[in-house]
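The values are calculated or read from the model by the stated rules, or taken from the named source; none is laboratory data. Computed from a predicted model, the values in this text were never measured in an experiment. We place every Cβ from the backbone using ideal geometry, glycine too, and count neighbours over all the protein chains shown. Please note that ligands, DNA and RNA were not included when accessible areas were found on the heavy atoms of the full protein model with its side chains. Shrake-Rupley method; radii C 1.70, N 1.55, O 1.52, S 1.80 Å.
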Amino acid sequence: MKLLIVEDNQELSRNIYQYLLREGYICEVSYSVQEAEDKLLCFPYDCIVLDVMLPDGNGLDLLKFLRSEGIDSSVLIISAKNALDDKILGLDLGADDYVTKPFHLPELHARLKAIYRRKILRGDPIITCNEISINTNTLEVSVQDQLLDLTKKEFDLLLYFITNKNRVLTRQTIAEHLWGDYTDSLANFDFVYQHVKNLRKKITTAGGNDYIGTVYGLGYKFNGNLA
């Protein structure tokens, strides 16, 4: 899951960032409403960890911005201990959940996983597409009941393809989803080709269909209807 952490307390944002990075998330940080808006207009995020009190405004205004721009990111609000009105208003504006400061990082992680299961995985940690099965809890992928030896990036790439099956994904979109705003400094996205090539080979070697089609001049499409 790709996250945007919007928190102006640098120590807290750093702790959240480092913890979730170790858990395998792609994480980026913004310290203000304006900085977050700029990132959200440039990059897609699965979920936003959103502080309410920010130096240039109320974080809840970012929820209104998301809806006005048609951005479908999930939102987990970080709220002060006694900020009941903020919690209620945030949920009314479309936030998915909230956690109250101070909180334990494992709780934050558990809430993020719950949001992901509900919204992206429809409540099931096991995703199947014909002979391919992905266990998002154990990070295991099997084809015809044979476990694949995938790198973390290959696992994330396959999960991204299957949760967006039958949609054309550009090389830039794939790069931004899996590597974050690090891709801003890159001249091209040729490295995506190698990851896709390796993933296709591992699936077909295990007896699976070659679902990943190249859309010339654009990117790739996972053909989920292929049998």
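Observations
- Count - residues of the stretch 8-39 that are of a type in the set (D, E, K, R) and more than 18 Å from the chain's Cα centre (by Cα): 4
- Just one of the listed residues (Val33, Val6, Val75, Val49) is in contact with a strand residue (DSSP E or B) (Cβ under 8 Å, 6 or more places away or on another chain), among the aliphatic types (A, V, I, L, M) and over 20 Å from Leu112 (Cβ atoms), namely Val33.
- Only residues that are over 14 Å from Ser13 (Cβ atoms) and open to solvent by 30 Å² or more (accessible area, probe 1.4 Å) were counted across the stretch 34-47, and they come to 7.
- Among the residues making up the stretch 150-165, a single one is at pLDDT 90 or above, touching a strand residue (DSSP E or B) at 6+ places or on another chain (Cβ under 9 Å) and open to solvent by 30 Å² or more (accessible area, probe 1.4 Å): Leu150.
- Set Leu84, Leu50, Leu66: member being open to solvent by 80 Å² or more (accessible area, probe 1.4 Å), without any contact (Cβ under 8 Å) to a residue 60 or more places away in the chain and over 23 Å from Pro125 (Cβ atoms): Leu84
- Across the stretch 101-129, the qualifying residues are those that are modelled with pLDDT of 90 or more and not hydrophobic (A, V, I, L, M, F, W, C), and the one among them that is surrounded by the most Cβ atoms within 10 Å (Cβ to Cβ) is Arg111.
- One residue stands out among those in the stretch 174-216 that are among the polar types (S, T, N, Q) and at pLDDT below 85: the one that is least open to solvent (accessible area, probe 1.4 Å), which is Thr183.
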